[in-house]
1. Cα gyration tensor of the stretch A:100-178, axes a ≥ b ≥ c as square roots of the eigenvalues: rounded (a/c below 1.5), prolate (a/b > b/c) or oblate?
2. For residue A:283, which sequence-distant residues (separation of 5 or more, or a different chain) have an amide H within less than 5 Å of its own amide H, given hydrogens modelled in the peptide plane?
3. When each pair of different Cα atoms in the stretch A:2-59 is counted once in the 1/r mean, what is the Kirkwood radius in angstroms, to one decimal?
4. Using a 7 Å offset from Cα along Cα-Cβ at residue B:362, what residues in the stretch B:321-336 end up with backbone N under 18 Å from the label point?
5. Give me the distance in nm between label points sitting 7 Å out from Cα along the Cα-to-Cβ direction at residue A:231 and residue A:67, one decimal.
6. Give me log10 I(q)/I(0) at q = 0.09, 0.10, 0.12, 0.13 Å⁻¹ for chain A, Debye formula, one equal scatterer per alpha-carbon, no solvent.
7. Which aspartates and glutamates have a Cα lying under 14 Å from the Cα of residue A:71, excluding residues fewer than 8 positions away in the same chain?
8. In percent, how large is the relative contact order of the stretch A:2-263, given Cα pairs closer than 8 Å and 6 or more residues apart?
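Bear in mind these aren't lab numbers, they're just calculated from the coordinates by the rules spelled out. Source: prediction; values computed, not measured. Backbone-built Cβ (ideal geometry, glycine too); neighbour counts: all protein chains shown.
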2 protein chains.
Amino acid sequence: MFKITHKSNKSRAGILRTRTGEYETPFFMPVATKAAAKYLDVNELGEINTSAIISNAFLLYLKPGLDVIKKHKGIHNFMNWKKCIFTDSGGFQVLSLNNFKDKFSDNGLKFKSPFDGSLHELTPKKVMEIEEAIGSDVAMCLDQMPLYNSSREQVEQATRRTHLFAEQCVKYHKDSKQLLFGIAQGGTFPDLRAESSKFISSLPFDGIALGGLAVGEPLEKMKEMIKISIENMPEEKPKYLMGVGSPKEIIEAVEQGVDIFDSVWPTRNARHGSLLTSEGELDIGKSIHKTSLLPVDKNCNCKVCKNYTRAYLHHLHKANEPLGNKLLTYHNLFFMQTLMQKLRKAIKDSKFEELKQEYGGF
Amino acid sequence: MFKITHKSNKSRAGILRTRTGEYETPFFMPVATKAAAKYLDVNELGEINTSAIISNAFLLYLKPGLDVIKKHKGIHNFMNWKKCIFTDSGGFQVLSLNNFKDKFSDNGLKFKSPFDGSLHELTPKKVMEIEEAIGSDVAMCLDQMPLYNSSREQVEQATRRTHLFAEQCVKYHKDSKQLLFGIAQGGTFPDLRAESSKFISSLPFDGIALGGLAVGEPLEKMKEMIKISIENMPEEKPKYLMGVGSPKEIIEAVEQGVDIFDSVWPTRNARHGSLLTSEGELDIGKSIHKTSLLPVDKNCNCKVCKNYTRAYLHHLHKANEPLGNKLLTYHNLFFMQTLMQKLRKAIKDSKFEELKQEYGGF
């Protein structure tokens, strides 16, 4: 199911095999929360060498509802994306939609639908049923993510519940064609992080996620937590750092042995005009670009850099034209997928240090 | 510059030659007001066989400004669309932005920039300079369009000024590579419409537009005005019905001898979920489509109909996903360009009546 093909110090290149195919790691997943990437269609995601995306089981369960997805025989047909799809359980979205009022108990999560006010309960069993009905390649466990700056007691409770949920998810997950990943929590407390990583690793998951990071903690703290996590997880399992991130964060994490990433960072930044280039970040909204005939990044081979000037993209961005959001999103995701290709190659060629220097602008 | 190649009663198929190439008429122009079509990039416009688009000289003059467009050596390079571009002068946008307070005089149009409050005057001479700097294939004259339900006196004044402006535009238009189209007004008063059509036809324009229609009058009234206009214009000139429209309106107008169209109708409708199909309009937001595995139009060959179900498009539309707007826009414009192709073929094959029946659902 997961095979490490190359190693370079702690970083590794591998292949994840799922129901839809084989995917080279490390990879980065654009976010398609409601079964759609913002502004890009599936052909465009394919053009930029995307191998996997992540959607949100909880939101799809509410809308369009499982009946619609089942009628399509799963999310791949529904959205016409035939490669890898992860589904997150969506506990975090529930908290967010309920203004982070704590609705968790040891049984799961109670919440009110933001669409019609109806009451729902997400137990681990229910979450497994939802994700199996959706038919994703990889289902994520229900977890409780403590917010950054929670007290030790709060993190302990959330981590304890995450462990309860993990055991229940293993018990109730039935679809042998769907992979199941556990999620370790522990906040930024080294001992809790180590304990949770060990506990989740002790269960028969197909992969393990590092949850509750990239939520506001300093980069050094995140790196420390990644290190502790990886040290307490078996080498052979694929490791997924949820919600990360920037090129710098991804390079740091791959160096420590992480295989899988997802984040809204590149797409959200694109919509705010912040572009990724070989020389670092570029704010296309700045007036210096108003008359520039240069491409966003002269070293980039994407269709946006090949076809449009900074001046044109500046104009679209300032005029709030949807085409601007689309082109900037496309460029940033192309940059990320190119970064991931280079990371895979650097690991195979044992040239990780050179690659780190190449991306020194971040 | 314009050659009629086929005739079928009053309808005709022809070829318009501009600085960028030869374009078969009748054609329909998607609107790219600020040098961008909503949600679609130029590759996608090309995919659906778009030959021409229309942009707005006045808005481009304000933003990004002529310096930026000149630096790109014209709008074609600026937006990377190498086929035909019309520019409207933008008088109508000025009125709209200034809440239709009448700022016209016999000299032109005074207005305050919506961006920085600066004062500007658009004289016919200035408008010609702007459109030449933009470098469009076809420049439209400055005109004064009376609003629907204006009094006879108001329409008379607007038409008189439109004629003054037309004479000035002819005088000040210098770029021999750019075509110049006049615009006839006259509201819905038959005698004024006839008089204006004659007057504009008497000037040495490369083409003639029917202005001030599709602004709220009943279809029968519009048809009457088109008839009067065409009867008072020379056969050999290309005729452009501005701001039209729906398939039904376009078919009616082509039947009377109109060659060129533009409208936000198909793209705006798409964003509201109203889709064009071979069986008439379809509201994708209706709950009947929530679980439908059908394509939008089983007779449509566009990539949206080939790849997505109504249920998925319903979901995107209800969830306000930008991808929904993009896919629905793409389908509607594909439908329009297919309609125009069929119209050209029907004229060549003398099968206009059969085509009218095919589109009887509208």
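1. Oblate, since a/c reaches 1.5 and b/c is not below a/b.
2. A:275
3. 12.9
4. B:328-336
5. With each label placed 7 Å out from Cα toward Cβ, I get 5.3 nm.
6. Cα-only, vacuum Debye calculation for chain A: -0.49, -0.61, -0.89, -1.04.
7. Here the aspartates and glutamates satisfying the reach criterion relative to residue A:71 are A:132.
8. 19
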